[in-house]
1. Does the range 1-16 hold any residues that are surrounded by fewer than 13 Cβ atoms within 10 Å (Cβ to Cβ) and in a loop (DSSP other than H, G, I, E, B), and which are they?
2. With out of contact with any strand residue (DSSP E or B) (no Cβ under 6 Å at 6 or more places or on another chain), farther than 30 Å from residue 152 by Cβ, free of Cβ contacts under 8 Å to residues at least 40 places away in the same chain and assigned to a helix (DSSP H, G or I) as the only criterion, which of 95, 47 stands out?
3. Looking only at the range 22-44, how many residues end up being surrounded by fewer than 17 Cβ atoms within 10 Å (Cβ to Cβ) and either farther than 25 Å from residue 99 by Cβ or touching a helix residue (DSSP H, G or I) at 6+ places or on another chain (Cβ under 9 Å) (or both)?
4. Go through (1) surrounded by fewer than 17 Cβ atoms within 10 Å (Cβ to Cβ); (2) over 13 Å from the mean Cα position of the chain (by Cα); (3) modelled with pLDDT of 95 or more and name the single condition residue 103 misses.
5. List pairs: first in the range 71-86 and in contact (Cβ under 8 Å) with a residue 60 or more places away in the chain, second part of a strand (DSSP E or B) and crowded, with 21+ Cβ neighbours inside 10 Å, Cβ under 7 Å, 6+ apart or cross-chain?
6. Out of the residues in the range 106-140 meeting the condition of being closer than 20 Å to residue 30 by Cα and free of Cβ contacts under 8 Å to residues at least 24 places away in the same chain, tell me which one is surrounded by the fewest Cβ atoms within 10 Å (Cβ to Cβ).
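The values are calculated or read from the model by the stated rules, or taken from the named source; none is laboratory data. As the structure is a computational prediction, the values presented were derived from the model and not from experiment. Cβ: placed from backbone, ideal geometry, glycine included. Neighbour counts: every protein chain shown.
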């Protein structure tokens with residue numbers, strides 16, 4: 001697996017197909033993007049996050065050249081990194097590739113972007129993602145109950161961190 005910057009004309013369609021239903025969409029992005037995902041909205045939100053937070057979007061590419069994951073990374077002046085909008089292709093979930101992508105993203109944050117720590121937020125109901133992040137070395141630092149409402153559900157938000 002390797003990481004490279006997200007290229008809209010090459011990668012959007014693959015990323016769009018990672019989101020298979022409305023609930024998955026909400027768990028992934030907390031409705032920061034419209035549903036169903038459109039390229040114009042996706043690019044507008046990414047641009048806004050790049051300008052406000054210095055987010056850089058990346059894709060994970062399989063050894064066969066297929067786009068299998070997506071995330072955004074930012075590193076602030078305090079050398080704290082943040083991962084956002086992490087998603088992996090449903091075709092490869094449960095095979096350890098999400099953990100590998102996260103490990104590569106953290107390595108990039110530490111070795112290239114100069115971060116001393118990386119954090120992320122994940123909904124408590126997203127058990128598979130939480131386990132993936134824990135396997136990649138993240139630990140829970142805080143949980144906010146009732147942080148997000150999706151239809152008749154209320155989800156907690158867990159902040160996790162890994163240090164250099």
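1. Kept after step one, since they are surrounded by fewer than 13 Cβ atoms within 10 Å (Cβ to Cβ), are these residues of the range 1-16: 2, 4-5, 7, 9-10, 13.
The one that is surrounded by fewer than 13 Cβ atoms within 10 Å (Cβ to Cβ) and in a loop (DSSP other than H, G, I, E, B): 7.
2. Values: 95 fails: assigned to a helix (DSSP H, G or I).
Criteria check complete, one pass: 47.
3. Looking only at the range 22-44, we keep the residues that are surrounded by fewer than 17 Cβ atoms within 10 Å (Cβ to Cβ), and these are 22-24, 31-32, 34-36, 38-41, 43-44.
Narrowing further to those that are either farther than 25 Å from residue 99 by Cβ or touching a helix residue (DSSP H, G or I) at 6+ places or on another chain (Cβ under 9 Å) (or both): 22, 24, 31-32, 34-36, 38-41, 43-44.
So the count comes out to 13.
4. Condition not satisfied by residue 103: (2).
5. That search, which allows pairs on different chains as well, returns nothing.
6. 127
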